[in-house]
Amino acid sequence: VVGGPAADPRERGGGPPPGPRGRGRGGGGAEGGGGGRPPPAPAAPAAPLRVRRALPGIGRWTADYVAMRALRDRDAFLATDLGVRRGLELLGVDGSPRSALERSERWRPFRAYATVHLWTLLGAATASGGGA
């Protein structure tokens, strides 16, 4: 029966619900990140990226994308990415990879956020009919 006396998992002997709801919020502890905030992202090591780029078929774009998405490197920047280049052009600046890389230096150490922002800008412009 839905909502009956056995609807609460604790009454069935199952203990607290799994996941964050069952553990409460904020407590800090060994997991870190008190106050409901996630723990800080680890810095991405440069050595694994050099190794990836040395593999056949793995170029700078792929290595930087992996660093940004999988390794959570906040400073990864995809200067040759077409979405990044078109996003910069929407802002009225040169979208060439060399210019994008030079411009991105002032965004350190948060260039990955700039990458996502440029993708979002391009996506919004494209959706509204004003983009590439």
- Item | Of the criteria (1) open to solvent by 90 Å² or more (accessible area, probe 1.4 Å); (2) at pLDDT below 95; (3) part of a helix (DSSP H, G or I), which one Ala124 fails | (1)
- Can you work out which of the residues in the range 108-119 that are open to solvent by 60 Å² or more (accessible area, probe 1.4 Å) and more than 13 Å from the chain's Cα centre (by Cα) is farthest from Leu88 (Cα to Cα)? Pro109
- Note on the structure: Flagged in the range 88-121 as closer than 17 Å to Arg72 by Cα and in a loop (DSSP other than H, G, I, E, B), in numbering order, are Arg108, Pro109, Phe110
- Message: With the requirement that a residue be modelled with pLDDT of 95 or more, open to solvent by less than 30 Å² (accessible area, probe 1.4 Å) and part of a helix (DSSP H, G or I), what does the range 54-87 give you?
- Response: Gly83, Val84, Gly87
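The values are calculated or read from the model by the stated rules, or taken from the named source; none is laboratory data. In this text the structure is predicted, and so the values were computed from the model without any measurement. Keep in mind that these areas ignore ligands, DNA and RNA; they rest on the heavy atoms of the full protein, side chains included. Shrake-Rupley method; radii C 1.70, N 1.55, O 1.52, S 1.80 Å.
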